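These notes concern the structure reproduced below.
The values are calculated or read from the model by the stated rules, or taken from the named source; none is laboratory data. The shown structure was predicted, so the numbers you read here are calculated from the model rather than taken from an experiment. Because the Cβ atoms are built from the backbone with ideal geometry, glycine has one as well, and the counts that use them run over all protein chains shown. Accessible surface is based on the protein model in full, side chains and every heavy atom, while ligands, DNA and RNA are left aside. Shrake-Rupley method; radii C 1.70, N 1.55, O 1.52, S 1.80 Å.
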Amino acid sequence: MGKDINKSVFDDATKLKLDIFGECFEEWFPVFLHSPWYKKLYVFDFFAGSGKDLENNSGSPLVLLDKAKGTDRKYCINAKKEIKFLFNEGEKDKSEELKQNVAQYIEECKQENNCTDCIYQYRVENYNFQEIFSNISITNIFNNKEFGKFILLDQYGFSQIDEQIFKQLISYPKTDFIFFISSSFISRFREHPNTTKYIDTSKINFEQIRPNEIHRAIANYFRDLIPKGKEYYLHHFSIRKEEKKGNYYGLIFGSGHTLGMEKFLKVCWKHDAFSGEANYNIDNNFEKGTLFFHSENNVKKDTVSKEIKRLILSGEISDNISGLKFAMYNGCEPKLFTEVVQKLEKEKLIERYGDVNNQSSNIHRAKTYHIKRLNDGT
Ligand SMILES: C[S@@+](CC[C@H](N)C(=O)[O-])C[C@H]1O[C@@H](n2cnc3c(N)ncnc32)[C@H](O)[C@@H]1O
C-alpha cells in the first residue's frame, strides 16, 4: 500500500512513530533484562524494512539495537542472559539490504567499543508475516513463559493485524507488543470488502466519531476483542501528519502486565501532557498562550478523576489496586488515582485502612489498602 517508506526521507510523523517505538522498547528492555524471571529475551520486528531511509536515518531494527546497547553501553555490558533479535522483512531485496545494514551497524559498534563479539544474537528473515503464526519454532517461543518477548509490528495500512492475529498476540504469556495502523484508511474505506475482510467495521459507530478521534475508536475496536474478564491492558497513541491534517494513524500497545502499561503510559504522557494519546489536541483542551489556558486544567484527567471519585463514593472502587488499574484502563497514569483518593481523604469523605500507602508506580508490588466511605459526597 502506497510508496516504499525506506525509499524516501522519513517524514515527521514517521520520526515520531520511530521515537515512540524506541522509547517504548527502552522502557521495556531493562525491566526484562534485569528480571530473574526470564531465561531469554526475544525481540521481534516483523515489518523491519531495509533498516534506513534515503538519508541514512535509522529505521526500527537499528533503533532497537541502539536502545538495547543503551547510553554508554549500559545494557549490553551487563547482559547476562541470551538476547535474540529477529528482524523480518517480506520483500526479498529489502531483506538483503537489511542484512547488510544490520551487519554494518554491529561491525561499527564493535569497532567503536573495542569488542571482539556482540553479546546480542540476531537473524534477518524474509517471511511473509502471515506465515509467522504457523511457524512452530516461532510460536513455541511466543508460548514459552520463561522467555520475555517484545513484538514490533510496523505494518503498512491495516490488513496484517486482524482479529485472529490480535487474539493470538494477546494470548501469549510475557509478551508485549506495539503495532502501527492507518486508522483513517479504515474509516475512509469502511464498506469496501478489502477492509471488512480484516476489520469488522459494522462494530464501529463512525457517524458518532470526530475524525480526530478515529484512532481512539479503532483502539476501542481492538479493546472489545479482549475476552471479558481477562486482565489485559491496551493503550494507543494517535498521530496526525502535519502536511495531511485529515490523515490519522496510530500505535496500539498491548501488555498483560500492569508494569508494561505503566511504561507505555509514561511514554505517551511525555509526548502529550494533555491527553497522553495524540500528537495533536484530541480533547479540545485550551492551548498554551490562549485566553482560557490554565496549566492545571486538563480535560482527560478531569474526566477520569471525576469518574474515579464517583466510583469511590459509590463503593465500586474500594481498594487501591482496583483504583490504580482503573486509571490505567482509562489511559491515565496510576498516580491520578492516588491524587483523587488523597483529596477525598483530605475532604473527610473517605478513610483509608489496612496497609495505607501512596505507591503509584510498580503497582504490581504495591500493598493493598481499603477505602471506607464516610459520606456519599453528594
Ligand atoms: C512501514 S514499513 C516498515 C518500516 C520499518 N519499520 C522502518 O522503520 O524502516 C512496512 C514494511 O513491511 C514490509 N511488508 C509488507 N507486507 C509484508 C508482509 N506481509 N510480510 C512481511 N513484510 C511485509 C514492507 O515491504 C515494508 O518494508
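Brief remarks follow.
- Condition check for Val43: in contact (Cβ under 8 Å) with a residue 24 or more places away in the chain and either out of contact with any Gly (no Cβ under 6 Å at 6 or more places or on another chain) or away from the ligand (no atom under 16 Å from the Cβ) (or both): yes
- Only one entry in Phe133, Phe150, Phe142, Phe177 is on the phi < 0 side of the Ramachandran plot and at pLDDT below 95, namely Phe133.
- Residues within the stretch 6-30 that are out of contact with any strand residue (DSSP E or B) (no Cβ under 8 Å at 6 or more places or on another chain) and open to solvent by less than 50 Å² (accessible area, probe 1.4 Å), tallied: 8
- Residues in the stretch 62-80 that are within 16 Å of the ligand (Cβ to nearest atom) and open to solvent by 40 Å² or more (accessible area, probe 1.4 Å): Asp66, Lys67.
- Flag for Leu169 being touching an Asp or Glu at 6+ places or on another chain (Cβ under 7 Å) and either open to solvent by less than 10 Å² (accessible area, probe 1.4 Å) or more than 14 Å from the ligand (Cβ to nearest atom) (or both): no
Conditions tested, residue by residue: (1) open to solvent by less than 50 Å² (accessible area, probe 1.4 Å); (2) touching a residue at least 60 places away in the same chain (Cβ under 8 Å); (3) not assigned by TED's automatic domain parsing to the domain that holds His364.
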site	(1), (2), (3)
Gln208	no, no, yes
Ala219	yes, no, yes
His235	yes, yes, yes
Ser238	yes, no, yes
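- Per this entry, Thr175 is counted among residues that are of a type in the set (Ser, Thr, Tyr) and within 16 Å of Ile252 (Cα to Cα).
- Counting only residues that are assigned to a loop (DSSP other than H, G, I, E, B), open to solvent by less than 80 Å² (accessible area, probe 1.4 Å) and hydroxyl-bearing (Ser, Thr, Tyr), the stretch 368-378 holds 1 of them.
- Residue pairs meeting the criteria (Cβ under 6 Å; at least 6 apart or on separate chains; first within 8 Å of the ligand (Cβ to nearest atom), in the stretch 1-23; second in a loop (DSSP other than H, G, I, E, B)): Asn6/Gly49; Asn6/Ser50; Asn6/Asp53; Phe10/Asp53; Phe10/Asn57
- Within the stretch 305-344, the set of residues being of a type outside the set (Ser, Thr, Tyr) and open to solvent by 70 Å² or more (accessible area, probe 1.4 Å) comprises Lys306, Lys309, Arg310, Glu316, Lys335, Glu339, Gln342, Lys343.
- Flag if Glu277 is loosely packed, with under 15 Cβ neighbours inside 10 Å and touching a residue at least 24 places away in the same chain (Cβ under 8 Å): no
- Out of Gln155, Gln160, one residue alone is within 11 Å of the ligand (Cβ to nearest atom), in contact with a strand residue (DSSP E or B) (Cβ under 8 Å, 6 or more places away or on another chain) and open to solvent by less than 30 Å² (accessible area, probe 1.4 Å). It is Gln155.
- Per the conditions (1) farther than 21 Å from Phe10 by Cβ; (2) surrounded by fewer than 22 Cβ atoms within 10 Å (Cβ to Cβ), the sole criterion not satisfied by Lys245 is (1).
- Any hit, the stretch 101-110, residues being open to solvent by 30 Å² or more (accessible area, probe 1.4 Å) and within 12 Å of the ligand (Cβ to nearest atom): no
- Meets criteria (surrounded by fewer than 16 Cβ atoms within 10 Å (Cβ to Cβ) and at pLDDT below 95) for Thr116: yes
- Those residues of the stretch 119-142 which are open to solvent by less than 80 Å² (accessible area, probe 1.4 Å) and of a type in the set (D, E, K, R), in sequence order: Glu125
- Residue check, Gly59 within 12 Å of the ligand (Cβ to nearest atom), open to solvent by less than 50 Å² (accessible area, probe 1.4 Å) and at positive phi: no
- All positions within the stretch 179-202 that are more than 16 Å from the ligand (Cβ to nearest atom) and exposed (fewer than 12 other Cβ atoms within 10 Å of the Cβ): Glu191, Pro193, Ser202
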